[in-house]
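Colleague: Dumping the structure here so I can ask a few things about it.
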Amino acid sequence: MSNPLPHSLERYSRQVRFAPLGAEGQERLLASRALVVGCGALGSVIANTLARAGVGKLRIVDRDFLELNNLQRQVLYDEDDVAAGFPKAIAAAERLKRINSQIAIEPIVADVDSRNIGPLFDGVDCVVDGTDNFEIRFLINDAALHYRIPWIYGGCIGAEGQSMTILPGETPCLRCLIAEAPPPGSTPTCDTAGVLGPIINVIASIQSAEALKILSGKQDATSRVLTVVDLWENRVRQVQLDSLREIDCPACKRGEFPWLQGERGSQTAVLCGRNAVQLSFPARQELSLEDLAARLAGTGQVTRNKFLLRLAVDRYQLTVFPDGRAIIAGTDDIAEARTVYAKYIGA
Ligand SMILES: [Zn+2]
């Protein structure tokens, strides 16, 4: 017979009895802090898994709000969340608190960029990628190397996905693997190629397992290969990364971090699969959604909650956040989106 567990570990008994983790690993998990960047498809599964496993503090950052077509793969949310029109980070935190009330959940509604990534990384032991584009992944890579925090890359398109664990100073980094982001329009996106729910669960689960190893102090058990899975072609590949060690990588070898320094990366983004453009305005003063709603009365249909304001006008839907950031749906043209923003919100 095994010894009874202390009460505080009882809810985690099944994973504590998994010998490579054990009670000591669980104690370390409970004292650990993780950042999940993006709480869409991958981020939903990652946050859910880490919360249930007892990661002591989970910081979740996401810039977006929920839409009905998210529910096919974003497992933290339901139709009520879509109807409430909440940002994903807020809806995720509400759900995660019901799943595990004994850990701390810190939701942050923000577009991660070179100015706010430092505070987001502050005090965390591991960063997990739940994003959907390379611009932000290169920023995460820069910041992870600079602050020397392990991070776990994951990405999916169609029925294929891949994951890689980056331990600064120890393993190749994302820029060793991919020197430059592919130009917009040159690669398939979730708009053109779609994405299947099961591949999200596979890749996010691999990322979560890697995070649990790092957060429980079992970093030596992490994967040192790039794992590529295709659930439609029924293929699993493990790509050795040893040859990448020869590369004179600008990031991990030469210590150049242009994304972190704000020299790379833009403040506008066409949102994948959404016919929508995001505009953000660095260093702008907070705006009052209440005042804005009053100003917009009569221009179109205005709805508002604590976190965002929405204006439906002509063929556009504008979603505006207190920091002035806006998502303009109804176009994928940046100039057109700027015009619409200037017309209703102000330049
Ligand atoms: Zn590198």
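Please treat every number below as a calculation from the coordinates, not as lab data. Values in this document were obtained by computation on a predicted structure and should not be read as measured data. Quick reminder, even Gly has a Cβ in these numbers, built from the backbone with ideal geometry, and neighbours come from all protein chains shown.
Colleague: Could you sort 106-112, 94-100 so that the peptide with the highest average Cβ count within 10 Å comes first and the rest follow in order?
Modeller: 106-112, 94-100
Colleague: In degrees, nearest 10, range 0 to 90: what is the angle between the Cα axis of helix 41-53 and the longest Cα principal axis of the chain?
Modeller: So the helix axis and the longest Cα principal axis differ by about 50 degrees.
Colleague: Then there is this: How many angstrom lie between the Cα centre of segment 127-154 and the Cα centre of segment 275-347?
Modeller: First find each Cα centre; the distance between them is then 29 Å.
Colleague: Angle between the Cα long axis of helix 197-215 and the longest principal axis of the chain, 0 to 90 degrees, nearest 10?
Modeller: Helix 197-215 sits at roughly 60 degrees to that axis.
Colleague: Top mean-square fluctuation among PHE18, PHE138, PHE121, Gaussian network model of the chain, C-alpha springs under 10 Å?
Modeller: Comparing PHE18, PHE138, PHE121 in a Gaussian network model of the chain, the most mobile one is PHE18.
Colleague: Something else: Determine the shape class of segment 13-125: with a ≥ b ≥ c the square roots of the Cα gyration tensor eigenvalues, call it rounded for a/c under 1.5, and otherwise prolate if a/b is greater than b/c, oblate otherwise.
Modeller: Here segment 13-125 falls in the oblate category.
Colleague: If the viscosity is 1.002 mPa s and the temperature 20 °C, what Stokes-Einstein diffusion coefficient in µm²/s follows for segment 16-78 when Rh is the Kirkwood radius over Cα pairs?
Modeller: 167 µm²/s
Colleague: So, one more: How much of the DSSP beta bridge set in the chain is antiparallel, as a percent to the nearest 5?
Modeller: Details: 39 of 58 bridges.
Counting DSSP beta bridges with both partners in the chain, the antiparallel share is about 65 percent.
Colleague: Another question, then. Grab the Cα-Cα distance for VAL225 and GLN301, subtract it from 0.36 nm times how many residues apart they are, and report the gain in nm with one decimal.
Modeller: Once the chain is fully extended between VAL225 and GLN301, it gains 22.3 nm.
Colleague: By how many degrees, 0 to 90 and rounded to 10, does the Cα axis of helix 88-99 deviate from the longest principal axis of the chain?
Modeller: The angle comes out near 40 degrees.
Colleague: With viscosity set to 0.890 mPa s and temperature to 25 °C, compute the Stokes-Einstein D of the chain, Rh being the Kirkwood radius across alpha carbon pairs; µm²/s, no decimals.
Modeller: Working: Rh = 21.2 Å.
Estimated via Stokes-Einstein, D reaches 116 µm²/s.
Colleague: Build a GNM of the chain with springs between Cα atoms under 10 Å: which of ILE149, ILE60, ILE46 gets the top mean-square fluctuation?
Modeller: Greatest mean-square fluctuation among the candidates belongs to ILE149.
Colleague: Measuring from label point to label point, each 7 Å out along Cα→Cβ, what is the ARG115 to HIS7 span in nm?
Modeller: Placing both labels 7 Å along Cα→Cβ, they lie 4.8 nm apart.
Colleague: By the gyration tensor of its Cα atoms, with a ≥ b ≥ c the square roots of the eigenvalues, what is the shape of segment 68-119: rounded for a/c under 1.5, prolate for a/b over b/c, or oblate?
Modeller: It is oblate, given that a/c is not under 1.5 and a/b is not larger than b/c.
Colleague: Once you've got the GNM for the chain with C-alpha springs shorter than 10 Å, pick whichever of LYS306, LYS88, LYS57 has the biggest mean-square fluctuation.
Modeller: In the Gaussian network model the winner is LYS306.
Colleague: Can you check how the C-alpha radius of gyration of segment 218-303 compares to 2.2 N^0.38 Å, as a plain ratio?
Modeller: Cα Rg divided by the expected 2.2 N^0.38 Å: 1.91.
Colleague: Mind running the shape call on segment 80-222? Use the C-alpha gyration tensor, a ≥ b ≥ c as the square roots of the eigenvalues: rounded below 1.5 for a/c, prolate if a/b tops b/c, oblate otherwise.
Modeller: rounded
Colleague: With each pseudo-label sitting 7 Å past Cα toward Cβ, what's the ALA83-ARG237 distance in nm, one decimal?
Modeller: 4.6 nm
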